[in-house]
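Working notes, beginning with the structure itself.
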Amino acid sequence: MKVILLQDVKGKGKKDDIIVVSDGYGNNFLIKNKLGVLYTSGSKKVLDKEISKRKEEEDNLVSELEKIKNKLENKNIKFKVATGTNDKVFGNISSKAICDELKKMGYNIDKKCLKIDNSLDTLGTHKILVELHKRVKFNINIILEK
């Protein structure tokens, strides 16, 4: 029996996979629990439409995120910080603080999108990777000054 999975099923496959299972497992578990549907030419057409629709939506999202990338790529964001001896910054600049500054500039970026490799606790320029999508990545510069 061929089944199109509607959800990820551990040990069997991911969503939208077409798998071959025994009739009993397909009918009594996958279809009964709405984890899959019987593979037919009609269900295959619906699956193809769904996949193409999702791909189109993702492409639209990526194009929107590319516009944000073009505006923000290599942009400088300055922070005035208090320093101690040897110009050591008190505390450090967090991803939340960077997101708040981006919000003031008109960009609503989640702090989980910021990839900070090392702590921002020294004066100078630090490069931060921003990953808005797996296909949209760019750097911004964080400048810490007295």
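Name the one entry in D87, D17 that is under 30 Å from L120 (Cβ atoms), touching a residue at least 12 places away in the same chain (Cβ under 8 Å) and surrounded by 11 or more Cβ atoms within 10 Å (Cβ to Cβ). After ruling out the rest, the residue left standing is D87.
Can you go through E57, E66 and tell me which one is within 30 Å of V136 (Cβ to Cβ), among the acidic types (D, E) and exposed (fewer than 11 other Cβ atoms within 10 Å of the Cβ)? On inspection, the qualifying residue turns out to be E57. Cβ-Cβ distances below 8 Å connect no pair with a first residue in segment 108-125 that is touching a residue at least 24 places away in the same chain (Cβ under 8 Å) and not assigned by TED's automatic domain parsing to the domain that holds K96, a second residue that is loosely packed, with under 12 Cβ neighbours inside 10 Å and of a type outside the set (D, E, K, R), and a separation of six or more residues or different chains.
Count of segment 69-84 residues, restricted to those that are among the hydrophobic types (A, V, I, L, M, F, W, C) and under 16 Å from V136 (Cα atoms), is 1.
Yes or no, residue by residue, for (1) assigned to a strand (DSSP E or B); (2) touching a Cys at 6+ places or on another chain (Cβ under 8 Å):
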position: D100; (1), (2): no, no
position: K103; (1), (2): no, no
position: Y107; (1), (2): no, no
position: K112; (1), (2): no, no
position: H126; (1), (2): yes, no
position: V130; (1), (2): yes, yes
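The number of residues in segment 101-123 that are surrounded by 12 or more Cβ atoms within 10 Å (Cβ to Cβ) and either touching a Pro at 6+ places or on another chain (Cβ under 9 Å) or closer than 22 Å to T83 by Cβ (or both) comes to 7. For I51, the conditions (1) among the aliphatic types (A, V, I, L, M); (2) surrounded by 14 or more Cβ atoms within 10 Å (Cβ to Cβ); (3) within 29 Å of K14 (Cβ to Cβ) all hold with the exception of (2).
Looking at L30, L6, can you tell me which residue is in contact with an Asp or Glu (Cβ under 9 Å, 6 or more places away or on another chain), surrounded by 10 or more Cβ atoms within 10 Å (Cβ to Cβ) and not assigned by TED's automatic domain parsing to the domain that holds Y107? That would be L6, the only listed residue that is in contact with an Asp or Glu (Cβ under 9 Å, 6 or more places away or on another chain), surrounded by 10 or more Cβ atoms within 10 Å (Cβ to Cβ) and not assigned by TED's automatic domain parsing to the domain that holds Y107.
Evaluated against (1) in contact with a Phe, Trp or Tyr (Cβ under 7 Å, 6 or more places away or on another chain); (2) at positive phi, G106 falls short on exactly one condition, (1). Taken as a whole, the condition of being touching a strand residue (DSSP E or B) at 6+ places or on another chain (Cβ under 6 Å), on the phi < 0 side of the Ramachandran plot and modelled with pLDDT of 90 or more applies to S43.
The values are calculated or read from the model by the stated rules, or taken from the named source; none is laboratory data. Remember, predicted model here, so these are calculated numbers, not experimental data. As a convention, Cβ positions derive from the backbone with ideal geometry for all residues, glycine included, and neighbour counts pool all protein chains shown.
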